[in-house]
Protein chains: 6
Amino acid sequence: MTKTGKQPAETAVEQNVYKIFPNDLNSKHTVFGGLVMGLCDRTALIVAERHSGRSCVTVAVDSLTFLAPAHTGETLVVKASVNRSWRSSMEIGVHVAAENSFQGDRRHVVSAYLTFVALDDDGKPTEVPPVLPKTAVEHRRFVAADERRAARLAIGRP
Amino acid sequence: MTKTGKQPAETAVEQNVYKIFPNDLNSKHTVFGGLVMGLCDRTALIVAERHSGRSCVTVAVDSLTFLAPAHTGETLVVKASVNRSWRSSMEIGVHVAAENSFQGDRRHVVSAYLTFVALDDDGKPTEVPPVLPKTAVEHRRFVAADERRAARLAIGRP
Amino acid sequence: MTKTGKQPAETAVEQNVYKIFPNDLNSKHTVFGGLVMGLCDRTALIVAERHSGRSCVTVAVDSLTFLAPAHTGETLVVKASVNRSWRSSMEIGVHVAAENSFQGDRRHVVSAYLTFVALDDDGKPTEVPPVLPKTAVEHRRFVAADERRAARLAIGRP
Amino acid sequence: MTKTGKQPAETAVEQNVYKIFPNDLNSKHTVFGGLVMGLCDRTALIVAERHSGRSCVTVAVDSLTFLAPAHTGETLVVKASVNRSWRSSMEIGVHVAAENSFQGDRRHVVSAYLTFVALDDDGKPTEVPPVLPKTAVEHRRFVAADERRAARLAIGRP
Amino acid sequence: MTKTGKQPAETAVEQNVYKIFPNDLNSKHTVFGGLVMGLCDRTALIVAERHSGRSCVTVAVDSLTFLAPAHTGETLVVKASVNRSWRSSMEIGVHVAAENSFQGDRRHVVSAYLTFVALDDDGKPTEVPPVLPKTAVEHRRFVAADERRAARLAIGRP
Amino acid sequence: MTKTGKQPAETAVEQNVYKIFPNDLNSKHTVFGGLVMGLCDRTALIVAERHSGRSCVTVAVDSLTFLAPAHTGETLVVKASVNRSWRSSMEIGVHVAAENSFQGDRRHVVSAYLTFVALDDDGKPTEVPPVLPKTAVEHRRFVAADERRAARLAIGRP
C-alpha cells in the first residue's frame, strides 16, 4: 500500500496543557525533569501515531534541553509536530512553554527532538508516509531534521 | 479595579490531548470515569484561571455526561472554554472526544459544565471579568449558561 | 430472571476514608477537585455493583457540589448509597465530609449524584433490581431521585 | 493534661473500600503486595490519629500476613481498630477482605498489626490515652497486644 | 528437577536507590510509611525471583521496623538478600538507609523480613533451591531465619 | 572553597532495580518510554548530587537511545556514573538493562547521557569538583564527554 504524504500541520498537537501541582516538584521546588520528559514523550507519541497510522515506539531522544525552570501554579503548554520521516522512522519536534495563566505570558522552557518507529501488527518496523512540508517553518524543520539524522548516523546512533 | 472583559476564544483550551494507556482502564477495559473527571477538571481550571487572572477552585460539576466509552490506544482530546461569568464565578464548558489516532476519526464521549470561583490572596471569592461573546456559538453558550444557573438557584444549589 | 429488590442499607458504603497527603493539593493548598471526583466515582461504583450484581459504568454526574475546601492532614470520609433504580440505571448519592481526626469534628464538603448503568457480559445495558426503601430517609431519596431524573429527561439528558 | 481513655469502637474504621483496577496488579495478575501494605498503613494511621488526637508515624509492622490473593474486579474492604496503647505508642489491628461485589461474598485476605507513635508539635513522642476495651473481642485483642509487645521487647525490637 | 543451591550474594540487590520528592511525604513532612513498605516489597520480590527462578508472591511481612524518619531531599538506599529457603518459601531481609547525598553520610532507617512463596505455572507453590551461605554474615542470617520461622509457626502463622 | 575531585566509582549508582508491572506498559505491551526516561533522570540526579554535594537540575538529555523493548515481568537494572564535569555542569552516563530475573540473563535496552547543573542556595549555578578518572573505562568516558560537549556547543546548545 502506498502511503499518502501528510503536511505536519495536519497531525500536530497545538496546545497540550498541564497545570503544575505541588506533587510535580523536586526538592528545589521546580518541576521534576522526568515529568517533563514523560510529557514530551506522551505528546510526541500522539503525533507519530497520527502521521503513521500505526502504533509507534520511542527509539531515541536527541537533545532535550531545559532552558529555564518551571514552577508550581504555572501551566505547561506543549506543542509537537512531525519534522521529517524516513523509511520507518519519524522525527517529532516538541516545544514546551511555561505559562503564567494569570497574566498570560509564556516563556520557552524545553525543546526536544524525539525519534519514533512505526510498527506493524507483528511489532516489526513498517513504512511510514512522507512528510510534505508546506510553510517556511515546516521546510526549515524538514531540512534540519535530515542534518540531525546525518550527524547521528555519523556517530553510529540510530 | 475594573476588569476588562474577554472573549471566550482568548482563554479557551483548544486541544488538550491524553493518550489512554492500559493503566487507565477499569475492569470492563474502558476508561475509568474518575480519570476523565479529573482531566475535565484540570483542563477547565486552566481556562478559569486564564479568564479571571486569579487562582480558582471548583465549586460544582453540573451534568457531566458519558455518551460513549473510550478504549485503550485511543487519544482523549479535551476542549474547554468559558461560557459566562457572574460576580465571582464562571461556567466552563468541556467537550471530550476519543480519537482513533491511526484513522483520524473522533467521537464525542463526554460533555460537562463546571463552575469555578476566583479567589483573592486571602482565599476569599473575588470579582471576575465579564465574558464577551462574539461568535454565534459563544452567544448561544452565554445564554444557556444563565438558564442553567437559574435552574440551579431555583433548587437551592450554588 | 426476575431480580429481587434490595434495601439501600444493604449495599451502602458507610465509611470510606482517605487521609489527605501533601501530594493531593492544588496550588491553593486545598484538595484538588479532580481527586475528590475520582474518589466519589470509585466509591459509588462499588455501591452500583453491589446493588446490580453486574459490572457498571458511570453515565452521568449530576450536581457534584463543593460546599467547603478540605485541607492536608484532614481525613475525607465518603458515604454512598443507591437512591433509586430504573430499567438498567441507578442513581447513587454520595456524601463527603472532611474530618479533623485529632478533634473528631467533621464538616460536610461535597454532595454528588451519579448515575450508573449495569452491563451484561456483552457490554450491553441490562436490567437491575428495584430499590426497596424502608427508612424515612431512604423514601425521601427514592422520591427525589425520580424528580431529578424527570428534570434531566426534560432537557434531553440521559 | 490527663487524657481520657477511649473504647476501640469509637475510633475504628469500619469499612474502607478499594475497588481493584488493572493497574494494581503484579505480573501474576493478583494484587501487588505493596499496594495492600500501603492501604493497611493509610487506614491504620487514621485510627491512630483518632485515638491519640495527635499526628502519628508508623514505627513497626508486625506480622502482616497474606492469606489469599485478591484479583482485579474485586473490592478490598479494610477494617482497622486500636488494640492497646502504651505510653506513646499504640497497636492497630487491620483486617482486609476481598469482596466479590457482584455476589456479595467476602474472603479474608490479609491480617496485620501495626505500631504507631504519637508526636507532639516538636515531633517528639508524646503520651496517648489509654484504650478502654468493652466488648469481649476488644478485651481479647487488648490482652493479645500486650503479649505481642512482650515478645517483641524480648528480642530487642520496639 | 533438582534445583542447584545459590549463595545469597549471587541474587542480592546491593543498592536500589530512590530520591525522596515532596510528593512522598506525609503531613509531618517525613516519608510516608506505606511508600517505604512498597519499596521494600518491590525490591525483595526481585531477590525472591532471582533465587527461585519463579514468579513469587509476598505471604508475610515480619517485623518491618522504622528506626528513624527520612526526609525530602534524602535518598533511600535499599539492600535486600535471601536469608534462607524452605520447601516453597524464602525469607528475604531488607535494609533501608537514608543517604544525605550531598555529604555522603547514611543512617539506617528501616529493617524488614519478608516471606515469599514461589509459584509454578498454575499458580501453585513450587519447590525452591536451597540457600548456600558462605560468609559469616550469610551464615548468621541463615540461622536466625530459621529461628524466626520456628517462632512464627509456634504461634500459628505461615 | 576548592573542591576536591572525586573518582566516578565513588559516586556511581551500581544497580538501581525496577520491577516492571502491568501498569508501566503502553498499548503495545512494552514499557512506556516516558517511564524509562523518568527512571534515568531520577537515577542520574543522585549521581550528580553525590558528585557535586549540591542540589542539581537537569539541563539537557543527549542521545537517550532505546535499543530494545522491555516487557512486563522483567526487571530494569539502571547504572549511572559521572563522566566529566566542567565549571558548574556534569555529564552523567546511564545504562539500562532488562533482566529476566528467572533466568538471570540481561540485555542492554537504553543508553543515555544527561547534563546536570549544580545550584547554590540562591538557585544560581555553582562550581563543581573535577572528575578524576582512574580506570581505563573512566578515562575513555572522560574524553568522550568532552567531545560530545564540543559538538553540542558547536551547534549552539548548552
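Residue under question is C:F66, and the condition is that it be buried (at least 24 other Cβ atoms within 10 Å of the Cβ) and farther than 22 Å from B:V31 by Cα; does it hold? Before you say what the answer is, go through the steps one by one.
Working: buried (at least 24 other Cβ atoms within 10 Å of the Cβ): yes; farther than 22 Å from B:V31 by Cα: yes.
So C:F66 passes the test.
Filter the stretch D:115-125 for residues that are free of Cβ contacts under 8 Å to residues at least 60 places away in the same chain and farther than 21 Å from D:G34 by Cα and give the result. Break it down stepwise before answering.
Restricting attention to the stretch D:115-125, the residues satisfying the condition of being free of Cβ contacts under 8 Å to residues at least 60 places away in the same chain are D:115, D:121-125.
Matches in the stretch D:115-125: D:D121, D:D122, D:G123, D:K124, D:P125.
Do we have any residue at all in the stretch E:101-119 that's among the basic types (K, R) and within 17 Å of the chain's Cα centre (by Cα)? Spell out the reasoning first.
The first filter runs over the stretch E:101-119 and keeps only residues among the basic types (K, R), leaving E:106-107.
From what is left, the residues that are within 17 Å of the chain's Cα centre (by Cα) are none.
Among the residues of the stretch E:101-119, not one is among the basic types (K, R) and within 17 Å of the chain's Cα centre (by Cα), which makes the answer no.
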**OP:** Would you check which residues across the stretch D:36-61 are of a type outside the set (S, T, N, Q) and closer than 28 Å to D:N100 by Cα and list them?
**Re:** D:V36, D:M37, D:G38, D:L39, D:C40, D:D41, D:R42, D:A44, D:L45, D:I46, D:V47, D:V61
Original post:
Among the residues of the stretch C:128-158, which ones are under 25 Å from B:L64 (Cβ atoms), touching a strand residue (DSSP E or B) at 6+ places or on another chain (Cβ under 9 Å) and of a type in the set (D, E, K, R)?
Top reply: C:R141, C:D146, C:R148, C:R149, C:R152, C:R157
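Conditions tested, residue by residue: (1) out of contact with any helix residue (DSSP H, G or I) (no Cβ under 7 Å at 6 or more places or on another chain); (2) among the hydroxyl-bearing types (S, T, Y).
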site: E:T58; (1), (2): no, yes
site: E:L64; (1), (2): no, no
site: E:L76; (1), (2): no, no
site: E:S88; (1), (2): yes, yes
site: E:S101; (1), (2): no, yes
Original post:
Pick from the stretch A:79-136 the residues that are among the aromatic types (F, W, Y) and within 13 Å of A:T43 (Cα to Cα): which of them is surrounded by the most Cβ atoms within 10 Å (Cβ to Cβ)?
Top reply: A:F116
Original post:
What residue, of C:R42, C:R50, is among the charged types (D, E, K, R) and closer than 15 Å to B:G34 by Cα?
Top reply: C:R42
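Does A:R152 satisfy the criteria of being at pLDDT below 90, of a type in the set (D, E, K, R) and not in a strand (DSSP E or B)?
Values: at pLDDT below 90: yes; of a type in the set (D, E, K, R): yes; not in a strand (DSSP E or B): yes.
In short, yes.
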Original post:
Which residues, counting only those in the stretch D:69-78, are surrounded by fewer than 24 Cβ atoms within 10 Å (Cβ to Cβ) and farther than 19 Å from C:A44 by Cα?
Top reply: D:P69, D:H71
Subject >> Selection status of F:A112, within 9 Å of chain A (Cβ to nearest Cβ) and either modelled with pLDDT under 95 or closer than 22 Å to A:G34 by Cα (or both) >> reply: yes
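Is it the case, given these coordinates, that C:K19 is surrounded by fewer than 21 Cβ atoms within 10 Å (Cβ to Cβ), in contact with a helix residue (DSSP H, G or I) (Cβ under 7 Å, 6 or more places away or on another chain) and either more than 24 Å from E:T30 (Cβ to Cβ) or not aliphatic (A, V, I, L, M) (or both)? Steps first, please.
Details: surrounded by fewer than 21 Cβ atoms within 10 Å (Cβ to Cβ): no; in contact with a helix residue (DSSP H, G or I) (Cβ under 7 Å, 6 or more places away or on another chain): yes; either more than 24 Å from E:T30 (Cβ to Cβ) or not aliphatic (A, V, I, L, M) (or both): yes.
Taking the combined requirement at face value, the residue does not satisfy it.
Could you list all residues from the stretch A:96-105 that are part of a loop (DSSP other than H, G, I, E, B) and charged (D, E, K, R)?
Initial filter on the stretch A:96-105 (part of a loop (DSSP other than H, G, I, E, B)): A:100-105.
The one that is part of a loop (DSSP other than H, G, I, E, B) and charged (D, E, K, R): A:D105.
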**OP:** Please go through the stretch A:77-97 and pick out each residue that is touching a Leu at 6+ places or on another chain (Cβ under 8 Å), free of Cβ contacts under 8 Å to residues at least 60 places away in the same chain and hydrophobic (A, V, I, L, M, F, W, C).
**Re:** A:I92, A:V94, A:A97
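The values are calculated or read from the model by the stated rules, or taken from the named source; none is laboratory data. Nothing here was measured: the structure is a model prediction, and the numbers come from that model. Every residue, glycine as well, gets a Cβ built from its backbone with ideal geometry; the counts of neighbours run over all protein chains shown.
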